[in-house]
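Some notes on the structure that comes next.
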Amino acid sequence: IDEWPAVTVLIPAYNEEGYIGPCIDSLLESTYPKERLQIVVIDDGSTDETLREAQKRESDRITVVQKENGGKHSALNYGLKYVKTDLVVSVDADSLIAPDAITHLVKTYTFHNEPCAVAGNVKIRYTESRLERIQALEYIISINLFRRAQDQLGLVSVVPGCLGLFERETVELVGGFSGDTVTEDFDLTIELLRQGHKVHYSGNAIAYTEAPKTLRGLYNQRLRWLSGTVQTLLKHREIVSNTNFGLLHVVLAPYMW
C-alpha cells in the first residue's frame, strides 16, 4: 500500500471503568501510521468512572464525547457524526486490540479492491479455567473457522462489534446501526449483504476479549446471541424466500437457520 487511508476507530462504552483505558492504550500502540488514525470514544451515559478514565487520554488524536444512555447502536450512530474518514473501525470497550490489527483490516480491505466490510478475528483473552478454555476452542472451530470459509464467497455473516471495518458512506446509506435487534453487528452485516456488498474476514486482525467465567454468565451471553440471531433472521426473512439474493439465499440463509 503506497498511501494508507485515514481510519477512525469508534469505541462505544457504557460502564466500562477499568476496561476503557487499556482498550484505548492498546489502540495507541497500533503500528498503523499515527497521522492516519483517529479514535472517538462515545460514553453512553455511564454511571461509573468510564468518562473520566477516557478523558484522561484525550488528545489531538482521541476525541471523547458523551450522550444519554440509548444503547450500543445509538452510541455508534452518535459517534459517526464525528467521523470524517471514509473507513471506520468499531471496537468494543472491553477488548484489547493487537498492534497490527488495524493494519491487517485495511490490507484485507485494499486487497479485495471493492466496497466491502471486514470482520476481525476475536480470541479469548484469558484461558485460566476449563470453561474459558472450552470457549477459546469453540471460537477457533465454531466461529472463526466458518468465517474463513464464508470469506471465500464474501459472505461473512457477522462483523463482530469487537473488531470490524466498515465504509462510513455504506453504513450511512443503509441507515446506520439499527436498534431493532439486540445484536446490532449481526443486523448491520446482513443488511450490507442484502444490499449486494461483500463482507470478508481477516484472520490476522486480532482482538482479545474476555469470556464469561461462570455457567450463568455463559447462559446469559448465549441467550442474547440466540435472541439476536432469531430477531435478525425474522427481520431479514426475505433472504430465505427470495431467490434473487443468490448465494445469500442459497448458502448463508440455510446455514444461519
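The values are calculated or read from the model by the stated rules, or taken from the named source; none is laboratory data. Computed from a predicted structure; not experimentally measured. A quick note on method: Cβ atoms are made from the backbone with ideal geometry, for glycine too, and the neighbour counts reach across all protein chains shown. Accessible surface is based on the protein model in full, side chains and every heavy atom, while ligands, DNA and RNA are left aside. Shrake-Rupley method; radii C 1.70, N 1.55, O 1.52, S 1.80 Å.
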Problem set entry | Length added when fully stretched, SER178-THR47, from 0.36 nm per residue minus Cα-Cα | 44.8 nm
For this session: Could you give log10 I(q)/I(0) at q = 0.14, 0.17, 0.19, 0.22 Å⁻¹ for segment 175-257, computed by the Debye formula over C-alpha point scatterers of equal weight, without solvent?
Result: -0.59, -0.83, -0.97, -1.14
Problem set entry | Computed helical MRE - 222 nm, the chain, DSSP H runs ≥ 4 contributing -39500 (n - 2.57), nearest 500 | -10500 deg cm²/dmol
Seminar exercise, completed: In nanometres, the difference between 0.36 nm per residue of separation and the alpha-carbon distance of ASP60 and ILE1 is 18.7 nm
Seminar exercise, completed: In Å², rounded to a whole number, the accessible area per residue of the chain with probe 1.4 Å is 48 Å²
For this session: Give the distance, in whole Å, between the Cα centre of segment 78-99 and the Cα centre of segment 48-68.
Result: 14 Å
Problem set entry | For segment 220-231, Karplus couplings with θ = phi - 60° (6.51, -1.76, 1.60), whole Hz, Gly/Pro x | 5, 5, 6, 5, 5, 4, 5, 4, x, 5, 5, 4
Problem set entry | Average Cα contact separation per residue, segment 109-171, under 8 Å, 6 or more apart, as relative contact order % | 48 percent
Seminar exercise, completed: Among ILE1, GLY175, ASN121, the residue whose Cα sits farthest towards the positive end of the charge dipole of the chain, when +1 is placed on the Cβ of each Lys and Arg and -1 on the Cβ of each Asp and Glu, is ASN121
For this session: May I have the pair-distance distribution P(r) for segment 1-134, computed from all Cα-Cα distances with 5 Å bins from 0 and rounded to whole percent?
Result: 2, 10, 20, 22, 19, 14, 8, 4, 1, 0
Exercise. How many lysine pairs are close in the chain, with Cα atoms under 27 Å apart and the two 8 or more places apart or on different chains?
Worked result: 28
Problem set entry | Pairwise centroid distance, computed over Cα atoms, of segment 1-33 with segment 160-193, Å | 19 Å
Problem set entry | Cβ-placed point charges (K, R +1; D, E -1), dipole of segment 1-117 about Cα centre in debye, nearest 20 | 280 debye
Seminar exercise, completed: Rg (one decimal) and Dmax (whole number) from the Cα set of segment 92-185, in Å, equal 14.6, 44
Exercise. Over all directions, what mean area does the Cα convex hull of segment 142-184 project, stated in square nanometres?
Worked result: 3.8 nm²
Exercise. In what sequence, largest accessible area first, do TYR14, TYR201, TYR208 appear using a 1.4 Å probe?
Worked result: TYR14, TYR208, TYR201
Problem set entry | Unit charges on C-beta of K, R, D, E only; dipole of segment 48-193, Debye | 400 debye
For this session: Let me know the charge dipole size of the chain about its Cα centre in debye, to the nearest 20, where only the beta-carbon of Lys, Arg (+1) and Asp, Glu (-1) is charged.
Result: 680 debye
Exercise. Hey, got a sec? Which trypsin sites (Lys or Arg not before Pro) in segment 199-238 land in a DSSP loop and have at most 13 other Cβ atoms within 10 Å?
Worked result: ARG237
